[in-house]
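For reference, the structure discussed in these notes is given below.
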Amino acid sequence: MNNIEELMNTLQQELAEVTNLQELNNLKVKYTGKKGIITELTQNIKNIEPDHRKEYGMNINKLRSSFEENYKKKTYEYEQQKLNEKLQNEKIDITLSATNIVNGAPNILENLIEEVEEVFISLGYDVVDGPEVELDKYNFEMLNIPKGHPARDAQDTFYLENEEILLRSQTSPVQVRMMLQNKGQNPIRMICPGKTYRRDDDDATHSHQFVQIEGLLVDKNVSLSDLKGTIDIIVKKLFGDDIKTRFRPSYYQFTEPSVEVDISCFNCHGKGCNICKKTGWITIAGAGIVHPNVLKMSGYDPQIWSGFAFGFGAERMAMLKYDINDLRVFYNTDLRENKVFDRKEGE
Ligand code: DAH
């Protein structure tokens, strides 16, 4: 009997000394586990004299329920404590000001393309698309560049599968597609901004993938002065009203006559600077009057129809407009760089 009382004291003391759940569970094993003290005492009941069994049993039960009660209470306390700690650590201060949300910004090149599109749409042009995987027929042959023509060498082309399928090296094949689509019947006014590909090593001014903005107008009595007036409008819209346009004779197989389009340098206004390489002029496009052969091959009678075409280099225009000296900026996704040129920001 004394033993049990003593045990009760020890148990109380040990319970009082417990400081965490782990220690509490150790005690549980020690007292009520399979080989625990209380368990063994219970099993021992058969060795107790019958007269004392009842009292013995009651005392052991008291011991057990005292332990269990304490165990429950303490477990609850520890769990509460853990929960409180968690709540404390994960506390959200709803009075704090919110973290800034970083706004996105449109890609600089996309911005420029959209601007060009807007001007042409206002002039009644359609914005069309064409495939980037193109047939040799449309990319070269129907543009008056037959197989074996030296002009092909200048456009170091990516061929796919065979000699007939390629990644378009220019957006000019979209001219052919549009004319075929209109079956020699309707006037056409379209621009086609799109990716083009050439086998080039990438650096600050070259990219194996770049963007051209193709344009085609087919109608009756179209002249070089129509082309000049149209180019003039777009240049003034993009670079400013004081910018002049100049045509220089050039050569393309699909236009006759062909020209290079120069604009007066918006930086030095013709005096000569680094941007215009001291010439006062900057080349931004190739253009010309659509070659009669090209009209004919695409189903337009050159006796009735005439047209002009042009091809802008989009990266070049964006580099000039935003004073960028490395075109790789256009293809990375660094928000900070796009934001610098986001004109809409802060408006
Ligand atoms: N496709 C030509 C090139 O990639 C650019 C060009 C020149 C397009 C004259 C035209 C044009 O439509 O008329 O170099």
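The values are calculated or read from the model by the stated rules, or taken from the named source; none is laboratory data. Since this is a predicted model, take the numbers as computed values, not measurements. Every residue, glycine as well, gets a Cβ built from its backbone with ideal geometry; the counts of neighbours run over all protein chains shown. The area values use the complete protein model at the heavy-atom level, side chains included, leaving out ligands, DNA and RNA. Shrake-Rupley method; radii C 1.70, N 1.55, O 1.52, S 1.80 Å.
Observations
- DSSP-defined beta bridges in the chain - what % are antiparallel, rounded to 5: 95 percent
- Heavy-atom accessible area order for Phe140, Phe158, largest first, 1.4 Å probe: Phe158, Phe140
- Summed side-chain charge close to Ala285 - residues other than Ala285 whose Cβ falls under 13 Å, Lys, Arg +1, Asp, Glu -1: -1
- Cα-based reach from Lys28 at 22 Å (exclusive), listing lysines while leaving out same-chain residues under 8 positions away: Lys62, Lys72, Lys73, Lys74, Lys82
- Mean Cβ neighbour count within 10 Å, used as a protection proxy, ranking 5-16, 93-104 highest first: 5-16, 93-104
- Nearby aspartates and glutamates by direct alpha-carbon distance to Lys183 (threshold 12 angstrom, same-chain neighbours under 8 apart not counted): Asp301
- Count of Lys pairs (Cα-Cα under 14 Å; at least 8 positions apart or interchain) in the range 184-314: 4
- Computed over the chain: relative contact order in percent, which uses C-alpha pairs under 8 Å that are six or more apart: 15 percent
- Exposure rank, largest accessible area first [Trp305, Trp281; 1.4 Å]: Trp281, Trp305
- Using just its DSSP H runs of length 4 or more, each adding -39500 (n - 2.57), the chain gives a mean residue ellipticity at 222 nm of -13000 deg cm²/dmol after division by all residues.
- Cβ-isolated cysteines (cut-off 4.7 Å), the chain: Cys192
- Accessible area (Å², 1.4 Å probe, nearest 10) - Ile275: 60 Å²
- When you restrict to C-alpha pairs under 8 Å that are six or more residues apart and normalise by the size of the range 2-89, the relative contact order lands at 30 percent.
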